[in-house]
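**Q** Okay, here's the structure, questions in a sec.
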Amino acid sequence: MVLETRNLTKQFNGKGGFKEVTLSVEKGQVFGFLGPNGAGKSTFVKTMVGLLHPASGFAWILGKPIGTPKSREKIGFLPENFRYHDWMTGRELLTFHAELHKIKNPNKKIDSLFELVKLKGHENKKIKNYSKGMQQRIGLAIALLNDPEIVFLDEPTSALDPVGRIDVREIIKELKSQGKTVFLNSHLLGEVEMVCDEVAIINHGRIIAEGKLEELLKEHTHVEMIVSDYTSELIEKISRLSKEFQFEEGKLSFKVEDREKIPVIAKMVIEAGAKLYQLNTQTSSLEDLFINLIGKDEVS
Ligand SMILES: Nc1ncnc2c1ncn2[C@@H]1O[C@H](COP(=O)(O)OP(=O)(O)OP(=O)(O)O)[C@@H](O)[C@H]1O
């Protein structure tokens, strides 16, 4: 595992932060950490990179306990509220960070990063004259300077325009193809859906869902069926196997938490002697899943 936590807690005078978080992230994964504002995402990432100390629990990065110099050697971090030395030029800033990482002859690496984050031609401009989006791009370059094994990106596209967001998505895909692990904090669900393999959803500091994106989405499938010659007993049976069941004049609409229930229901219809004219399924979007889970969590 590249990242592992067990019952990790960090709160501020008993409030906020996150509680009892147990997570594991495999090498080469793009892991999406989702949650509403104030859920605890940034506190978690800051704790992972050693900027905050946990109150209790355990965590390791690349097998090394968090907060130790060893655990920080191979990580990259783009903070949510980035602010760089604005009197430096872009090149000076990257050279300074390369010195901190003790990278020898960093110029080639720096040139390739300016290219990657699409800041070529702006190397000698002062950071104070960079736009917010350009500052976020240089932050991404800093995060990648030491060839990290795991990169923590906290809302990496918050200052970027739609084209910039696509650029970041491409960079994330490129990192994945190089076998790197990306830990992506975001509330842009569409963006997460496009790049992440696995997600965890955090609400009020607690993890309320975790798993492979594909599996989580599969658990919430919407089904529509058109049947005739049915009996009330059949309709009753289907309603017991599903959620959010609606029925009107031969048209059934419902959700199943497990896709395997769909062929079972279809078989049931046929065996009951009813006629099945149409069966459509639609897997929920991550947005549906998110709203559903957060909504349920607020009620309970
Ligand atoms: N230094 C701090 N002192 C006190 N409370 C804090 C501190 N940092 C965060 N919190 C609280 O911890 C909770 C989680 O905050 P955090 O910034 O981790 O959330 P987040 O999920 O990253 O939110 P957002 O999406 O808005 O960035 C919030 O209630 C916040 O007010």
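The values are calculated or read from the model by the stated rules, or taken from the named source; none is laboratory data. All values reported here derive from a predicted model rather than from experimental measurement. Note that each Cβ is placed from the backbone with ideal geometry, even for glycine, and that neighbours are counted across all protein chains shown.
**Q** Given the residues 150, 110, which is the only one that is at pLDDT 95 or above, more than 25 Å from residue 66 (Cα to Cα) and among the hydrophobic types (A, V, I, L, M, F, W, C)?
**A** 110
**Q** Related question: Return only the number of the condition from (1) touching a Phe, Trp or Tyr at 6+ places or on another chain (Cβ under 6 Å); (2) at negative phi that residue 40 does not satisfy.
**A** Result: residue 40 fails condition (2) only.
**Q** If we scan segment 175-184, do we find a residue that is surrounded by fewer than 21 Cβ atoms within 10 Å (Cβ to Cβ) and within 28 Å of residue 291 (Cβ to Cβ)?
**A** yes
**Q** Only one residue in 121, 133, 139 is over 12 Å from residue 84 (Cα atoms) and touching a Leu at 6+ places or on another chain (Cβ under 8 Å), so which one is that?
**A** Within the list 121, 133, 139, the selection yields 133.
**Q** Say whether the condition of being away from the ligand (no atom under 16 Å from the Cβ), in contact with a strand residue (DSSP E or B) (Cβ under 8 Å, 6 or more places away or on another chain), of a type in the set (Val, Ile, Thr) and under 30 Å from residue 197 (Cβ atoms) is met by at least one residue in segment 128-146.
**A** Within segment 128-146, one or more residues are away from the ligand (no atom under 16 Å from the Cβ), in contact with a strand residue (DSSP E or B) (Cβ under 8 Å, 6 or more places away or on another chain), of a type in the set (Val, Ile, Thr) and under 30 Å from residue 197 (Cβ atoms).
**Q** In segment 13-32, how many are within 16 Å of the ligand (Cβ to nearest atom) and either closer than 14 Å to residue 196 by Cβ or touching a Ser or Thr at 6+ places or on another chain (Cβ under 8 Å) (or both)?
**A** The qualifying residues number 9.
**Q** In addition: I'm told residue 237 meets every condition in (1) farther than 30 Å from residue 20 by Cα; (2) at pLDDT 95 or above except one. Can you identify the failing condition by its number?
**A** Condition not satisfied by residue 237: (2).
**Q** Just to be sure I understand, how many residues within segment 23-43 are under 17 Å from residue 297 (Cβ atoms) and touching a residue at least 24 places away in the same chain (Cβ under 8 Å)?
**A** 8
**Q** Take the conditions over 27 Å from residue 108 (Cβ atoms) and at pLDDT 95 or above and apply them to residue 165. Does it pass?
**A** Answer is no for this residue.
**Q** Taking only segment 75-88 into account, find how many residues are surrounded by fewer than 17 Cβ atoms within 10 Å (Cβ to Cβ) and not acidic (Asp, Glu).
**A** So the answer is 5.
**Q** Quick check: anything in segment 53-60 surrounded by fewer than 17 Cβ atoms within 10 Å (Cβ to Cβ) and free of Cβ contacts under 8 Å to residues at least 12 places away in the same chain?
**A** Looking through segment 53-60, none of the residues is surrounded by fewer than 17 Cβ atoms within 10 Å (Cβ to Cβ) and free of Cβ contacts under 8 Å to residues at least 12 places away in the same chain.
**Q** Give the number of residues within segment 94-142 that are assigned to a helix (DSSP H, G or I), free of Cβ contacts under 8 Å to residues at least 60 places away in the same chain and closer than 23 Å to residue 170 by Cβ.
**A** Of the residues in segment 94-142, 19 are assigned to a helix (DSSP H, G or I), free of Cβ contacts under 8 Å to residues at least 60 places away in the same chain and closer than 23 Å to residue 170 by Cβ.
**Q** So residue 284 passes all but one of these: (1) over 30 Å from residue 37 (Cβ atoms); (2) of a type in the set (Gly, Ala, Ser); (3) buried (at least 18 other Cβ atoms within 10 Å of the Cβ). Which condition number does it fail?
**A** Answer for residue 284: the failing condition is (1).
**Q** If you don't mind, there's one more thing I want to ask. Being crowded, with 22+ Cβ neighbours inside 10 Å, among the aliphatic types (A, V, I, L, M) and more than 10 Å from the ligand (Cβ to nearest atom): is that true of residue 45 here?
**A** no
**Q** Same structure again: For residue 201, state whether it is assigned to a helix (DSSP H, G or I) and either modelled with pLDDT of 90 or more or not hydrophobic (A, V, I, L, M, F, W, C) (or both).
**A** Answer is no for this residue.
**Q** Of the residues 68, 157, which single one is crowded, with 17+ Cβ neighbours inside 10 Å and either hydroxyl-bearing (Ser, Thr, Tyr) or within 22 Å of the chain's Cα centre (by Cα) (or both)?
**A** Only one candidate passes the filter, namely 157.
Yes/no per residue for (1) under 22 Å from residue 12 (Cα atoms); (2) among the polar types (S, T, N, Q); (3) touching a Cys at 6+ places or on another chain (Cβ under 9 Å); (4) not assigned by the TED database to the domain that holds residue 153:
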position: 52; (1), (2), (3), (4): yes, no, no, no
position: 68; (1), (2), (3), (4): yes, yes, no, no
position: 76; (1), (2), (3), (4): no, no, no, no
position: 81; (1), (2), (3), (4): yes, yes, no, no
position: 100; (1), (2), (3), (4): no, no, no, no
position: 116; (1), (2), (3), (4): no, no, no, no
position: 121; (1), (2), (3), (4): no, no, no, no
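**Q** Quick one: which residue in 215, 224, 257, 210 is buried (at least 16 other Cβ atoms within 10 Å of the Cβ) and either in contact with a Leu (Cβ under 9 Å, 6 or more places away or on another chain) or under 30 Å from residue 183 (Cα atoms) (or both)?
**A** 210
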